[in-house]
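The values are calculated or read from the model by the stated rules, or taken from the named source; none is laboratory data. Please read these numbers as outputs of a predicted model, since none were measured by experiment. All Cβ positions, even for glycine, are placed from backbone atoms using ideal geometry, and neighbour counts span all protein chains on display. These accessible areas exclude ligands, DNA and RNA; they are computed on the full protein's heavy atoms, side chains included. Shrake-Rupley method; radii C 1.70, N 1.55, O 1.52, S 1.80 Å.
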Amino acid sequence: MRLLELFAGIGGMRLAAEEACAELGIDLETTAVDTSPPAVACYEHNFGADPPVSRRNIESMPAAAFEGFDTWTLSPPCQPVTETRGARQRDRDDARCAALKRLAALLPTLKRPPKRLLLENVAGFLGSAAFALFTGALREAGYTWRVLVLD
């Protein structure tokens, strides 16, 4: 399985994918993308640097970089939609939402889109304009989805 781990952080999604694939006897090839130097350092400590985590901004990556993966995992920044006290909740207007907006625009145009996507975020993501944008892109690309709220 070819996995594209976007907003990779310290590699939690990869760890889950590795365990699931091992249990099913499936080989896993992972490409990870994150821009945070501390997160990338931790990711590389956890998994090694072969292949290295791509330190590119998602919004500047060419469409070809997203083609042909079986699965995308996404943990986009939660700050634009978080409900914590003092949060600005700028939603789609927050600059940290640019990468998710890029993915939403790109997804319906891919020639070889992922077969499946797994996106995790805070509860405030539900009902946000960013959520509406991304689910609109999923609909346009022909996906069906299920929302789970886990505590």
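Filter segment 12-44 down to residues that are part of a helix (DSSP H, G or I) and charged (D, E, K, R) and give me whichever is farthest from S60 (Cα to Cα).
If we filter segment 12-44 for residues that are part of a helix (DSSP H, G or I), which is where we start, we get 12-24, 37-44.
Now restrict to residues that are charged (D, E, K, R): 14, 18-19, 23, 44.
Details: R14: 23, E18: 28, E19: 31, E23: 36, E44: 23 Å.
The selected residue is E23.
The set of residues in segment 103-131 that are part of a helix (DSSP H, G or I) and either modelled with pLDDT under 95 or crowded, with 16+ Cβ neighbours inside 10 Å (or both) comprises L103, A104, L106, L107, A123, G124, F125, A129, A130, F131. So, in segment 56-96, of the ones that are among the hydrophobic types (A, V, I, L, M, F, W, C) and more than 22 Å from G11 (Cβ to Cβ), which residue ends up modelled with the lowest pLDDT? My answer is A87.
The residue that is farthest from P38 (Cα to Cα), among those in segment 8-22 that are in contact (Cβ under 8 Å) with a residue 24 or more places away in the chain and open to solvent by less than 60 Å² (accessible area, probe 1.4 Å), is A17.
Among residues of segment 37-53 being aliphatic (A, V, I, L, M) and over 16 Å from L6 (Cβ atoms), the one that is surrounded by the fewest Cβ atoms within 10 Å (Cβ to Cβ) is A49.
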